[in-house]
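Beneath this line is the structure, given in structure tokens, with notes to follow.
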Amino acid sequence: MKYAFVLGRVYTLSVAELVAVLEKPDASLNLSGEPVKILEASEEVLVIETEKPLYVDRLQKKLGGVIKILEIVDIIKKRESDSINFALKHYFKPSVLKKQFFKEYKGKMQFGVSIYILDMQLLERPAPNPNAKTPQFFTSIFTEPKRVGMMIKNGLTESGLSVRLVLPEFNSLSLASVVVTKNLLLSKGAEICILASAQNIFTAKTLTVQDFEDYGRRDYQRPARDEKQGMIPPKVAQVMLNLANCPGGETILDPFCGIGTIVQEGLLLGFRMIGSDINKIAIKGSEQNLEWFRNRYKVAPGKYGVEISDATKVSGLIAKSGNKINAIVTEGTLGPIYGQYPKPEEIQANFKDLEKLYKKSFTEFSKFLPSKARIVMCVPAYRKNRDAYEMFPSLDFAQDLGYNLVDIISPGVAKKMKFLKLTERKTSIYDRKDQVVAREIAIFEKV
């Protein structure tokens with residue numbers, strides 16, 4: 001079986017999460033734990049091959065960094081000079097579409113077309129000579145979804161079917177998950193996806209899309225929010241939990257839990273969760289949010305607990321609870337939140353204060369974390385411009401305390417994907433364009 005995963009905006013984190021989940025044995029997802037066979041990858045999409053079919057509906061719900069899961073239908077060879085629609089002009093016959101792509105539906109069928117690029121150089125090629133005798137890839141690549149879509153629609157109409165075509169917005173090659181969902185494409189027809197490289201075209205159909213409404217509900221409909229301090233998005237919390245390398249049912253601690261985002265996402269992934277925070281107001285908000293969450297998502301009693309506790313003294317809380325902690329996933333205190341880039345001396349003072357806190361906390365964590373247990377943690381990185389950050393000077397303090405810094409993506413996988421945006425210490429940055437204080441996500445493992 002061949003599958004493609006459409007990656008989120010911070011594609012490095014998406015790849016890290018995806019590989020971590022796929023390479024861990026999990027009967028509920030039909031995963032054996034074997035290394036992933038990666039066929040193609042780009043900033044937009046990752047193509048893999050598996051021996052057994054995946055349980056994609058469950059997998060989609062588990063992955064915070066994957067927008068869509070596709071099933072690869074065919075691989076078609078093409079010349080580098082061929083446009084996509086030219087390479088596919090004899091492929092999309094009505095019989096192939098009905099058998100391989102469309103769901104059975106009585107009534108007017110609806111389908112959409114999305115194109116994903118596997119070789120980003122295709123987007124950088126100059127416009128072709130319009131008088132050239134041989135077909136060329138660019139007339140404009142952004143016209144390709146319409147060209148392919150109309151070719152499919154005309155063939156289906158001629159065969160007697162009533163169909164409606166949904167196309168990407170201007171200057172976009174693919175349909176957003178919200179468009180796929182609101183147009184009911186997966187129940188009333190199909191989203192047909194084309195994955196293009198210089199010499200190959202993968203044809204695919206969308207199996208699942210990320211439930212944007214549910215993520216919005218988990219983020220914005222909670223009774224307590226803290227806009228001033230900033231909140232980790234549920235998707236990022238999910239990614240971090242999946243990087244903790246824990247089987248479902250194990251217990252994860254968030255010692256800087258704030259209003260409880262990581263705790264709630266851990267519950268949704270099947271973990272037992274303990275949250276603590278030194279801030280009484282944050283814990284009150286966390287209790288309110290988790291009560292709302294427990295009722296909304298039918299969480300069984302006894303799956304979580306949150307209490308006031310200093311992270312540097314949290315071992316007492318753990319001993320009192322009687323729980324064995326298998327991992328820590330947390331957005332460590334990031335320091336002050338800024339609306340504009342702070343002065344260099346402020347940044348260095350913040351780093352100095354936070355290093356003291358982190359050292360005390362990691363020393364405390366050593367009292368109850370078992371060997372090989374992971375700490376997945378955010379630390380601050382100050383955004384200078386689009387791709388430049390003032391980062392935490394060093395994470396060596398963790399090594400001095402008995403922890404190794406683990407590459408967020410294994411060297412073998414990273415070597416195959418030159419496009420990944422990894423820091424020099426093989427961590428990953430998550431940020432939004434309007435944020436000054438970004439999150440550097442690092443994985444530590446106790447020796």
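The values are calculated or read from the model by the stated rules, or taken from the named source; none is laboratory data. None of the values given here were measured: they were computed from a predicted structure. Ideal geometry is used to build each Cβ from the backbone, glycine not excepted, and the neighbour counts take in all protein chains shown.
Per-residue answers, yes or no, for (1) touching a helix residue (DSSP H, G or I) at 6+ places or on another chain (Cβ under 6 Å); (2) buried (at least 17 other Cβ atoms within 10 Å of the Cβ); (3) not polar (S, T, N, Q):
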residue	(1), (2), (3)
351	no, yes, yes
374	no, yes, yes
395	no, yes, yes
399	no, no, no
413	yes, yes, yes
428	yes, yes, no
432	no, no, yes
435	no, no, no
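Here residue 252 fulfils each of the conditions (1) in contact with a Pro (Cβ under 8 Å, 6 or more places away or on another chain); (2) buried (at least 24 other Cβ atoms within 10 Å of the Cβ) apart from (1).
Take the conditions (1) modelled with pLDDT under 95; (2) over 28 Å from residue 251 (Cα atoms); residue 400 misses just one of them, which is (2). Of all residues in the stretch 331-349, those that are surrounded by 14 or more Cβ atoms within 10 Å (Cβ to Cβ) and either outside the structural domain of residue 375 (by TED's automatic domain parsing) or of a type in the set (A, V, I, L, M) (or both) total 3. Within the stretch 57-85, the residues that satisfy the criterion of being in a loop (DSSP other than H, G, I, E, B) and over 24 Å from residue 14 (Cβ atoms) are 78, 79, 80, 81, 82, 83.
So, residue 114, is that one more than 17 Å from the chain's Cα centre (by Cα), within 29 Å of residue 148 (Cα to Cα) and assigned to a strand (DSSP E or B) or not? Here the answer is yes, as residue 114 does meet what is asked. Residue 21 satisfies every condition listed in (1) out of contact with any helix residue (DSSP H, G or I) (no Cβ under 8 Å at 6 or more places or on another chain); (2) part of a helix (DSSP H, G or I); (3) β-branched (Val, Ile, Thr) except (1). Exactly one residue out of 45, 56 is of a type in the set (A, V, I, L, M), surrounded by fewer than 21 Cβ atoms within 10 Å (Cβ to Cβ) and out of contact with any helix residue (DSSP H, G or I) (no Cβ under 8 Å at 6 or more places or on another chain): that is 56. The set of residues in the stretch 357-371 that are under 17 Å from residue 330 (Cα atoms) and either touching a helix residue (DSSP H, G or I) at 6+ places or on another chain (Cβ under 6 Å) or of a type outside the set (Val, Ile, Thr) (or both) comprises 357, 358, 359, 360, 361, 362, 364, 365, 366, 368, 369.
Exactly one residue out of 329, 299, 379 is in contact with a Leu (Cβ under 8 Å, 6 or more places away or on another chain), farther than 24 Å from residue 437 by Cβ and β-branched (Val, Ile, Thr): that is 299. Going through the stretch 1-14 one residue at a time, which ones are surrounded by 19 or more Cβ atoms within 10 Å (Cβ to Cβ) and touching a Phe, Trp or Tyr at 6+ places or on another chain (Cβ under 9 Å)? If the condition is that a residue be surrounded by 19 or more Cβ atoms within 10 Å (Cβ to Cβ) and touching a Phe, Trp or Tyr at 6+ places or on another chain (Cβ under 9 Å), then 4, 6, 10, 11, 12, 13, 14 are the ones that fit. Tell me whether the stretch 242-258 contains one or more residues that are farther than 11 Å from residue 376 by Cα, in contact (Cβ under 8 Å) with a residue 40 or more places away in the chain and touching a Cys at 6+ places or on another chain (Cβ under 8 Å). Among the residues of the stretch 242-258, not one is farther than 11 Å from residue 376 by Cα, in contact (Cβ under 8 Å) with a residue 40 or more places away in the chain and touching a Cys at 6+ places or on another chain (Cβ under 8 Å), which makes the answer no.
Identify, please: which residue in the stretch 297-315 is touching a residue at least 40 places away in the same chain (Cβ under 8 Å) and in contact with a Gly (Cβ under 9 Å, 6 or more places away or on another chain) and is, among those, farthest from residue 257 (Cα to Cα)? Looking at residues that are touching a residue at least 40 places away in the same chain (Cβ under 8 Å) and in contact with a Gly (Cβ under 9 Å, 6 or more places away or on another chain), I get 304. Strands (runs of 3 or more DSSP E) fully within the stretch 332-447 that include at least 1 residues being in contact with a strand residue (DSSP E or B) (Cβ under 9 Å, 6 or more places away or on another chain) and farther than 30 Å from residue 117 by Cα: 374-385, 388-391, 403-406, 437-446.
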